[in-house]
Each structure stands twice: as C-alpha cells, then as structure tokens.
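Structure record follows, encoded as structure tokens.
The values are calculated or read from the model by the stated rules, or taken from the named source; none is laboratory data. Source: prediction; values computed, not measured. Backbone-built Cβ (ideal geometry, glycine too); neighbour counts: all protein chains shown. Heavy atoms of the whole protein, side chains included, go into the accessibility calculation; ligands, DNA and RNA do not. Shrake-Rupley method; radii C 1.70, N 1.55, O 1.52, S 1.80 Å.
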Amino acid sequence: MMIAKPQKPPPSGGTNLASCLVATIFLIFILIAIFLVYFILFRPQDPKIAVSAVQLPSFSFSASNATANFTFSQYASVTNPNRATFSHYDSSLQLLYSGNQVGFMFIPAGTIEAQTTKYMAATFHVQSFPLSPPSQPLSVGPAAVSNGGVIGRVGPALEMESRISMAGRVRVLHLFSHHVEAKTRCRIAVSVTDGSIIGFHC
C-alpha cells in the first residue's frame, strides 16, 4: 500500500507583497541617504571674492578742466568652497565714478579647483574723464574710507567704486551642473594731489 506524500502549499500572495514592500522601503532609504549626502557634502555654494589691494600706478589730475586719467590695478583672491571645479566664463571688473562707468575689463574665462583659492590681478587704463558734470560742483570729498570705514579728513579725495562679478558653473559628481555667482563692491578714495590710495572698503 502506497502512502501519498503531502504537497507543500503554493506560496501565498501575501509573502510576495511583503517582499516587495521591504525592497521598496530599502530603495527609498538608499535614495534618501544619497540625497542627504549630496546636499550636505556636495551642495553648490557661491565662490568668495576678497579684494586685498588697490593701486594707481600712474595718475594725472588737471585742475583747469577738472579731469583725471590714470592706470587702475586691483588685486583679489577668489575661493571656491565647493568639492568640484568652478568654471567661470562670464566675469568682469567695473570702475564707477558718480554712478557712471569710467573703466571696464573682462576677466578671462578659467577654472578654480575644488576647495582652493586663486589670486588674480587686473590692470587697465582709464581715459580722461570729468570729475563732475558741468552743472554740479567738483565731486571730491575731504573724507577717505579704509578697511575700517571713515578715517577722517585727509584733504581732497576722489571717491570711486569698483565692482567685480564672476559667474560660472560647478559640475557636481560629474553629473549635475549648477550655476554659481560671486560679486563684491569696494569704495575707493584717491588723493587728487598725487593719486595715492587714501583707503578702500569692501
């Protein structure tokens, strides 16, 4: 007499559903972990610009017609805090007097490696320009500015403003490209007697 062996029941649908739920939860956890790592370690940040010095290698002031022309030099450092290379391609340096542009130059495109600082120097000649509109008095002031602010009366001073703008992109993990930008402004006071920098404040 033969005895039939009991057959195992087929796997229930509930077991398959539970396995799918576990796998889904695990994938969601992995995605959240990747998201947190990306935004904590690789979150794109704007570069930092610090102006260290301003010079006027040559300076000429004409008191008869109240005009000035000079060579302008500015030295700055640009720090890239990101964990990826910063590629800048749309950058410039402006020099303004009484809100009007008197000098301008493009900053050549380039790259700054991850978490490094690059030092830059820009020099250009400013053509002769009137220090004030004909209908207004000469726009020179007796007060100069420095890194600590106003430092007192030091004689006639020509007050200007420089603006640096750097724009570009950071490519994170070689997959995602993000636009970043850095800007800075500096007030500059120049002695009209000899063109020396009385002070600047950024």
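Just to check your reading of the model, which residue among V172, V102, V145 is touching a Phe, Trp or Tyr at 6+ places or on another chain (Cβ under 7 Å), modelled with pLDDT of 95 or more and either open to solvent by less than 50 Å² (accessible area, probe 1.4 Å) or on the phi > 0 side of the Ramachandran plot (or both)? Please lay out each step first, then the result.
Values: V172 fails: modelled with pLDDT of 95 or more; V145 fails: modelled with pLDDT of 95 or more.
Answer to the selection: V102.
Within the range 64-88, residues that are on the phi > 0 side of the Ramachandran plot have Cβ atoms under 6 Å from residues that are of a type outside the set (K, R) and open to solvent by less than 40 Å² (accessible area, probe 1.4 Å) in these pairs: A66/L131, counting only partners at least 6 apart in sequence or on another chain.
Give the range 182-196 a look and list any residue that's in a strand (DSSP E or B), open to solvent by less than 50 Å² (accessible area, probe 1.4 Å) and either modelled with pLDDT under 90 or out of contact with any His (no Cβ under 8 Å at 6 or more places or on another chain) (or both), or say none. Give the derivation first.
First pass over the range 182-196, keeping only residues in a strand (DSSP E or B): 182-191.
Pick out the ones that are also open to solvent by less than 50 Å² (accessible area, probe 1.4 Å) and you get 182, 184, 186, 188-191.
Listed by number, the residues that qualify are A182, T184, I188, A189, V190, S191.
The numbered conditions (1) open to solvent by 50 Å² or more (accessible area, probe 1.4 Å); (2) closer than 30 Å to E159 by Cα are all true for E113 except (2).
State which residue is modelled with the lowest pLDDT when the search covers only the range 66-84 and only residues that are hydrophobic (A, V, I, L, M, F, W, C) and part of a strand (DSSP E or B).
Out of the qualifying residues, it is A68.
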